[in-house]
Structures are given as structure tokens and as C-alpha cells.
Amino acid sequence: MANILAIESSGNTGGAAVLREGQIVGEASLPTPRSHGEHLVPSFAQALEAAGLSFPELDGIALNVGAGSYTGLRVGLAAAEMLALVHNKPILPVPCTNALCEAAIRQGVAAGLLLPALDARRDYLVGAAFRWDGQTLARESDDELMLPEHFFAQGGVVIGDAAQIYAETLGPSQAFDGRWELEAADVGLAALRLYRSAMDASALAQNPTRRVELN
């Protein structure tokens, strides 16, 4: 099992987390909202220090690639590409919708249809559908730009800022009422689930590509 540095920069908050043997062993959050440019890169070393690891000991870098804040995502991508180049590590791209599902799973969301979604403004959402059976998470649709009423008509549990924005429309049975702002650990756990076949440390070391493709 690989040592993974996970990076979250898609929203107002963010930071880094380190996962070892599938467990969260180090975390560091931005001290103030929207301070990615100043504090995101220092959070990498802070998370590694908490985990007792160094950059050379990493096997991959998990990165939230959106949807989300354009500025925040650009900062995260630039930082991840810098690390990948300097330390010859692969980048593991993670869609934001996958990370939102992991956030809900960590908080005990019930098995069923999960609908992670972000407000895209102008009365649209960016979202996707996933099926969670308590152990396996399966994507059922690609990320799409949709009208809220069409997206919600699928009937699943809505996760993300859309659940907060449209809480009155959805009602308590469909709007997930837990944490929806992502943590870096959510991104790391999503990467482990997405890239399970590539998570063997020796396999990553033998093929240190810039970006690992989805299975």
C-alpha cells in the first residue's frame, strides 16, 4: 500500500493530508479561508511532519481536479505539478464528486443513490450520480451541468453545497445534513478507491508517470 499526499484546494478551505496503508496519518488545514496561495504549499510539509514521512517516501499525489473554485484549483494543480516534477511522483487526479461521496461515507451516509453536486450559478448545478452499497462506490453518470429540478428528480441523497443551498426544496430526507466542505483526507480516500490497482508502492515506483489514468 502506497504513501499518498492528498491536496484539497477546490473551495474556500483546503489543505493537505497523508495516507499510509490506507489510514489518515497526517493532516494540515489552511489557517484562514481562501488563503491557498499563501498557505497551501506549507501545509504539505506540515501534513508530512505529522505523519512522520518525507517527500521522497511518497508514492503518489492525490489532487482534487474539480469542479470547484477556478483560482483554488489552479493553485492546487501548480503545486502538485511542482512536487511531481521535483520528486518524480505520479499525480492521481480525483474528481470533486468522488471526494464529496467519500466525505459523506466518512460521516455514515446510508447506502443508496448519492448525488454529489456543486452550485454552478445561473441556476445550474454540476453533479453526478453514484451508487453506494455500504462497501462499494460505483459511478453511474459523468459529471454534468444540469438544472437542479432535473438533477434532484433522480431521488438520491444530495451531497455538497447544493444540499445546503436547496435544503428547503429538498427536505431532510434528500439533503445530506453533514459536513460538505471537503477535507484533503476525502480526496486521499477517493484516490485510494479510484486507483486501487495502482496503489501498490512498487508498481507506482516502476511507472512514475505524471498522471495516472482512471481504471
Derived scalar couplings ³J(HN,Hα) [the range 76-87; Karplus, 6.51 cos²θ - 1.76 cosθ + 1.60; whole Hz; x for Gly, Pro]: x, 5, 4, 5, 5, 5, 4, 4, 4, 6, 5, 9
Interchain or long-range residues, amide H under 5 Å from Ala67's placed H: Cys96, Thr97
Net charge of Cβ neighbours under 10 Å - reference Ser43; Lys, Arg +1; Asp, Glu -1: -2
Value of [θ]222 nm, deg cm²/dmol, for the chain, DSSP H segments ≥ 4, -39500 (n - 2.57) each, nearest 500: -10000 deg cm²/dmol
Residues in the range 4-46 that a label on Ala78 would reach, taking backbone N under 14 Å of a point 7 Å out along Cα→Cβ: 35-42
The chain - charge dipole about Cα centre, Lys and Arg +1 at Cβ, Asp and Glu -1, debye rounded to 20: 340 debye
Cβ-based exposure ranking for Val18, Val65, in which fewest neighbours within 10 Å come first: Val65, Val18
Taking Trp132, Trp180 and counting other C-beta atoms within 10 Å, the order from fewest to most: Trp132, Trp180
Estimated vicinal HN-Hα couplings, Hz - the range 183-193 in sequence order (Karplus 6.51, -1.76, 1.60; Gly, Pro = x): 10, 4, 4, 4, 5, x, 5, 5, 4, 4, 6
Total formal charge among the other residues, if their Cβ is under 9 angstrom from that of Ala184, Lys/Arg +1 and Asp/Glu -1: -4
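Any read-out appearing in this document is the output of simple, stated calculations on the displayed coordinates, not a laboratory observation. If you're wondering where the values come from, they're calculated on a predicted model, not measured in any experiment. Cβ sites come from the backbone with ideal geometry, for glycine too, and all protein chains shown count toward neighbours.
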